[in-house]
Each structure stands twice: as structure tokens, then as C-alpha cells.
């Protein structure tokens, strides 16, 4: 049964030709950005060895660039940046809280386990 | 996009009629699903990080493990994975263009960009199949166990095997016969089973004994990946003549499992056992997502072509599958960094 007291949000998503042009321009800009980042990552990865003293910086650089790429995908391609604030933060905040906690606990635990192996032996 | 929605006061907003998120039920549920799926992938990648952090130097390095291109051979560190990443990003772009066309009710545009997305996705799945096959079959050298119990991965150019000359007849091959087929496969099979002796004689499947005629290897390098009584992880790699001597000592030892080729769920030639398992599970789980994404896109494409959404007045179905498709790309960005780059 159709209900006329509910708002059909799907219909709000339409936009005009001019707006479309603007959106497409933004999409192509993001495409170029993501491609350039990936190319830079691959070349740095190929030329800088993991034994080199700059590697730790390169590694953190990669991680930051990854988060950078990810936020462009989520905010532009998935339109989360255009959604209502309540929706945006309901998705992002619980996720980040949980994941940061999990990363912390896993790395901390891995150090402890690594220590235990080197102290008490094992193959 | 919510910016088109009318502004409402908070009483109406939370009064039940209006969604506080000002978005449709379908899209909201897609976001819920994606958050839970993101948690699954994060769990897997963090578990991977745990093992890696724990194993330190014995863990394989991405650009050493993945350096092959289809048809071109070795020596292209990470280039193929980068290409795969690029293909997936582009297919994400074509998807967002399909969604944009949908917002202008441009049916032809949606069809065009959706087909492009499906082709990109199929390319990616195909590339992953190639990569799996390459990972499972392994390199020509394999990984060896040295005499002190340490393990080393082997880099360099493997000299081609010209033929086997039979010196002792078996059930199938006669004495003096020259075998030219399936050489590398026979060689690796015999090496794993300890069927090559230190004179360079190989015991073939049918019981015949043959001499291996093989070109010289070049620039061989042994990198220790497991501690032994003498060699330790992190030692400078063993090069040249010394490497060749140690390598053939292991391969021609006539002992089982002194050399490992490729990967399965129990062992692999790249590093610790967990490495192979994580590779299969994480890239497999992601590949399965891409595969189902391609199938879903095809179903939606059929809906677009038959005009279902044009009649409905909006292309929200394309937007929802689009969300899923971008998510698959998003996960790959992380897999690429943590599995291949760092």
C-alpha cells in the first residue's frame, strides 16, 4: 500500500544538466588525484628498499596516503560528504572508535607475543 | 543527495514522519551493511598486521614476492598489482558516472557507464585469478632449506633446462632417449621428493634415470627467511658462486622437502605459513566481493536496459549498488597498502 505521509527521499537525488557538469568535473579531478597517488606509491616502493633508513618514513607516508585516498573514495565517490551530518557521523564515529581500539590492542599484543617468543624460545 | 531536502525543525525531524538522516531506507541499510563489512575486513587486516608485527624480518617483502607481469616474466616489482589497482579505481569512477547519469534520468548514460564498470570488474577478477595461479605455482627456484636448518628464498635468473638424457631405462623411456617435454615440472616434482642426486641425475616418474642438461643460472641470491644454527634472518644475502653451491647442495641432496615451490595452505616459498593463509583468505574474500559486485551490477544493468528505473522515476538502485562497488574499491586500497606496499 502506498503511503502519502512519507517522504520519498529517492526523488531528491535528481539534478540538472549544469549541476551534472560540475559534478563530473569533480569526479575526473579525484580520478587524476587517486591515479597520481598510486603511481607515486608504486615508484617509491620499487626504488626505496625496506632495509634503507628512510623506510620507516616511507611506510608512514604510504599509510597516510592510503587514508587520504580512502577518504576521497568515501566522501566523493560514495557521496558521504554530501549526506546529512547525522548520517555521516553515525557511520564514521563508531567505526573509527572501534578500529583505533582494535589496532592499538592488536599491535600491543603482537609486541608482547613477539617478546614472549624471543624470551621463552620456540622455532 | 541530501542537500536537496527541505530544512526541517528538530520536532518534525524526530517526530517519526521524517527520517533523521534524510535518506531512503534502502540507502541507509546499504550503509549499515557496508559498515559491518568494513569491520570484517578491518578485523582480517589487523589480524594480518598482528602476525606480521610478530614475525618481523622473516615476513616476505611485497616487491620481492610480486614482481611478475603476464607475458613479460620477472623484474617488474608491484607493477601488475598497481595496474589492478588502477583498473579498480577506474571502474569505481565509471560507476560514479553511471550514478550521476541516473540523477539526470539519462538512461543511455547509465547503460554505457555501467557496462564499463562491469568490464573493469571482470578484468580485475581475471587479474586476481592470474595472480593466485602465479602465487600457487611459485618461482622457478623455490625456497630451500640449507644444511644448518635455516631457510632461504632464492632470487636471480634460472638457467633454462634444455633436456633430460635417459641413462637408465624405466617403464616408459628407453636408454639414450632425449626428453624435451614438461621439463621444469618434472624437475620441480623430483626436487621436492628428493629424486635428484648430487651428480645432477634425475629419477623420473617411470623409474628411469636421466642426466639433466641445464643452462647456467645467473645472479643467484639467497635471502635467509628462517633462522638456522649458522645463518640468521637479517644476514646479508648469499651471492654468486657461494649461493649456487648452497642451492644445489639442497636441491641435489636426494632428501624430501629440502625445496618448496609455490604455496598451499600448509607451506609456501615466500615466508611463514600464515603469510600464505592470509594471502588466500584476504585477497580471496575481497575477490569474492568483486565477483558478487560484478554479478549484482549485471542484474542492475538488465533492470536499467528494460527501463524499470526509468518508469520508477529514479535510479536509486544504481546508487545503492554503486555504494557497494565503491566499497570494494575502498577495501582494495587498504589491501594494496598493507599486503603489497609496506
What helix-only [θ] at 222 nm does the protein assembly as shown give? Using -39500 (n - 2.57) per DSSP H run of at least 4, over all residues, to the nearest 500, the answer is -18500 deg cm²/dmol
So what's Rg/Rh here for the protein assembly as shown, counting alpha carbon atoms and using the Kirkwood radius for Rh?
1.08
I'd like the FRET efficiency for residue B:312 and residue B:74, computed as 1/(1 + (r/R0)^6) with the beta carbon distance as r and R0 of 45 Å, rounded to 0.05.
0.30
Which percent of Cα-Cα pairs in chain B sits in each 20 Å bin, short to long?
25, 41, 24, 9, 1
Nearest-ten-degree value, helix A:85-120 long axis tilted from longest Cα axis of chain A
10
By how many degrees, between 0 and 90 and to the nearest 10, does the Cα long axis of helix B:284-305 differ from the longest principal axis of chain B?
40
Helix B:107-137 versus the longest principal axis of chain B: what angle, 0 to 90°, nearest 10, using Cα atoms?
20
Length-normalised contact order for chain B - Cα pairs under 8 Å, 6+ apart - percent
22
Across region B:146-263, how large is the tail of the calculated P(r) beyond 19 Å, expressed as a percent of all Cα pairs?
48
Between residue A:18 and residue A:46, what is the spin-label point distance in nm, taking each point 7 Å from the Cα along the Cα→C-beta axis?
4.6
Taking all pairs of different Cα atoms in region A:1-74, averaging 1/r and flipping that mean, what Kirkwood radius in angstroms comes out?
16.0
Selected from B:174, B:225, B:143 as most flexible by GNM, with chain B as the system and alpha-carbon contacts under 10 Å:
B:174
Based solely on C-alpha atoms, express the radius of gyration and the Dmax of region A:84-123 in angstrom.
17.2, 55
Computed label-point distance, nm, for sites residue A:35 and residue B:129 using a 7 Å Cα→Cβ extension:
2.7
Report the FRET efficiency, 1/(1 + (r/R0)^6), for residue B:216 and residue A:98, where r is their Cβ-Cβ distance and R0 is 56 Å, rounded to 0.05.
0.50
At R0 = 22 Å, how high is the FRET efficiency between residue B:39 and residue A:89 if r is their beta carbon distance? Nearest 0.05 is fine.
0.85
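Each reported figure results from applying straightforward, stated rules to the coordinates on display, with no laboratory input. Just so it is clear, the model here is predicted, and its values are computed rather than measured. Note that each Cβ is placed from the backbone with ideal geometry, even for glycine, and that neighbours are counted across all protein chains shown.
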